[in-house]
1. Going through Arg130, Arg139 one at a time, which residue ends up being outside any strand (DSSP E or B), charged (D, E, K, R) and either under 21 Å from Tyr18 (Cα atoms) or modelled with pLDDT of 90 or more (or both)?
2. Within region 327-345, does at least one residue satisfy the condition of being assigned to a strand (DSSP E or B) and either of a type in the set (Asp, Glu) or modelled with pLDDT under 80 (or both)?
3. Could you pull out the residue among Leu329, Leu336, Leu340 that is touching a residue at least 60 places away in the same chain (Cβ under 8 Å) and of a type outside the set (D, E, K, R)?
4. Please state which of the following conditions Arg360 fails to meet, knowing it meets all the rest: (1) in contact with a Pro (Cβ under 9 Å, 6 or more places away or on another chain); (2) modelled with pLDDT of 85 or more; (3) surrounded by 15 or more Cβ atoms within 10 Å (Cβ to Cβ).
5. State which residue pairs qualify: first residue farther than 16 Å from Ala112 by Cα and inside region 164-183, second residue part of a strand (DSSP E or B) and among the acidic types (Asp, Glu) in any location, beta carbons under 9 Å apart, and separation of 6 or more residues or different chains.
6. Identify the residue in region 297-319 that is closer than 26 Å to Asp364 by Cβ, of a type outside the set (D, E, K, R) and part of a helix (DSSP H, G or I) and, among all such residues, is modelled with the lowest pLDDT.
7. When only residues in region 50-73 that are part of a strand (DSSP E or B), out of contact with any helix residue (DSSP H, G or I) (no Cβ under 8 Å at 6 or more places or on another chain) and charged (D, E, K, R) count, which is nearest to Asp99 (Cα to Cα)?
8. Here are the criteria: (1) basic (Lys, Arg); (2) assigned to a helix (DSSP H, G or I); (3) under 30 Å from Phe106 (Cα atoms). Tell me which single one Arg217 does not satisfy.
Amino acid sequence: MTFSDALENQLARLRTRYARTPLPGFFRWWGRELVAMLPQRWRALLAERSEALLFEIRDGAMIVWRQSGQACVEAANVALDAPDAERAAALERVRAQIDDPNLRSFYCIAAARALRREFTLPVAAENNLRQVLAFEMDRQTPFKADQVYFDYRLGEREAAARNLQVELIVVPRAPLDADLAKLAAGSLELDGVDCWREGPGSGRLGLNLLPADRRPRRVNARLRLNLGLAAAAIVLLFTAMLLSLGNREAALAAMSEQVEKAQNAAKQVGALRKTLQDSISAANFLNRRKHEMPTMVQMLADLTDRLPDDTYLERIAVDEKSKIDVQGLSDNTAKLTERLRESTVVENPSFQGNIQQDPRTHKDRFNMTLEFRHKAEPDTGKEHGPAKDKDPGQRKDGKDGGTGNAPAAGSP
């Protein structure tokens, strides 16, 4: 078996497998629907591209038919004994009318010259059908496989019985070779041999009785160009997709950077807002403490008014918790707490430790703790400030009051 025969067998096996699928019917329907949607001029152009030249030998002449779709028109009639140059010129004139460099040429014979047989084969034979038909040739026809040119058409498949209907078309080699030799004298290159459907000019049956090794190897430049354009379109599509993904990633990175900057700015604004709120809270705290707590001057003035004249203060200390620590001397310490409880500035007077007598002055030495009394909330709209009904800096006896840790006036 030659390489061309093996290749033909593989192609036939692929064609049969493809024919068993629903794809051919779908693509035919889809193609008809798409063509029907095109303008008439475009449909005419597509019909011209599907043209073919059909050759026939009759009454000593070579008749050339121009097939466009299903219609055939006689294009030339040249005598077989005419010079080769005349026959070549006639073919050139016909081909010049058709704008298709890959125009196909077929030699068509009468249907009566072909022997047809229909029979049934197992579906398993479809994968290698041409070789099976060559083996079945002497059983189905009076010829051997090397005496004929043959082709086949597939019929209906019986799915339940797993059988395949096959129509075998056979033409003896000798008379067909004689016709092909006459046509070859005019430098005519045929793509295949077919049969008329009914009669001359009725269109070809759709076969190719010519063996694969005798078929010309044509290079379809348009097909290669279209495939190259399709490949370029696919490459450009993937390039556009990659560029789109790259642009999207770049935009996402830029957006992420902007979001990060906005988040940092928001964090800074939040930190500044917290600092501002803390500052406002601290200012409000100080302002609130200023209005809630009496001043040192008021506290000293109140102690001066409350303490009896026989009492002297040696030290006054105020801590951060508004706790007042007082040390001093007095003749009657029992009355001190009673008088200080009536104060509107301090509260909770209590002695700390033991009360001892001072050996020099013979007075009781005491250590007392006090707390500032909280003021009532001021009225809205009124300006806060120290009491103005009385000058706290003046004692009732006309002397200035002391401040800080200095001993009270009149201390020994």
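1. Values: Arg139 fails: either under 21 Å from Tyr18 (Cα atoms) or modelled with pLDDT of 90 or more (or both).
Arg130 is the lone residue from the list that is outside any strand (DSSP E or B), charged (D, E, K, R) and either under 21 Å from Tyr18 (Cα atoms) or modelled with pLDDT of 90 or more (or both).
2. no
3. Values: Leu336 fails: touching a residue at least 60 places away in the same chain (Cβ under 8 Å); Leu340 fails: touching a residue at least 60 places away in the same chain (Cβ under 8 Å).
Just a single option satisfies the conditions, and that option is Leu329.
4. (3)
5. Qualifying pairs under 9 Å: Leu164/Glu156; Leu164/Glu158; Gln165/Glu118; Gln165/Glu156; Gln165/Glu158; Val166/Glu118.
6. If we filter region 297-319 for residues that are closer than 26 Å to Asp364 by Cβ, which is where we start, we get 299-319.
Remaining after also requiring of a type outside the set (D, E, K, R): 299-301, 303-304, 307-308, 311-313, 316-318.
Next cut, part of a helix (DSSP H, G or I) only: 299-301, 303-304.
Values: Met299: 80, Leu300: 84, Ala301: 85, Leu303: 83, Thr304: 84.
Looking at the filtered set, the residue picked out is Met299.
7. Within region 50-73, the subset part of a strand (DSSP E or B) is 52-58, 61-68, 71-73.
Subsequent filtering for residues that are out of contact with any helix residue (DSSP H, G or I) (no Cβ under 8 Å at 6 or more places or on another chain) retains 52, 54, 56, 58, 61, 63, 65, 67, 71-73.
Checking which are charged (D, E, K, R) leaves us with 56, 58.
Working: Glu56: 22, Arg58: 28 Å.
So the residue we want is Glu56.
8. The number of the failed condition is (2).
The values are calculated or read from the model by the stated rules, or taken from the named source; none is laboratory data. Quick caveat, the model's predicted, so the values are computed rather than measured. Backbone-built Cβ (ideal geometry, glycine too); neighbour counts: all protein chains shown.
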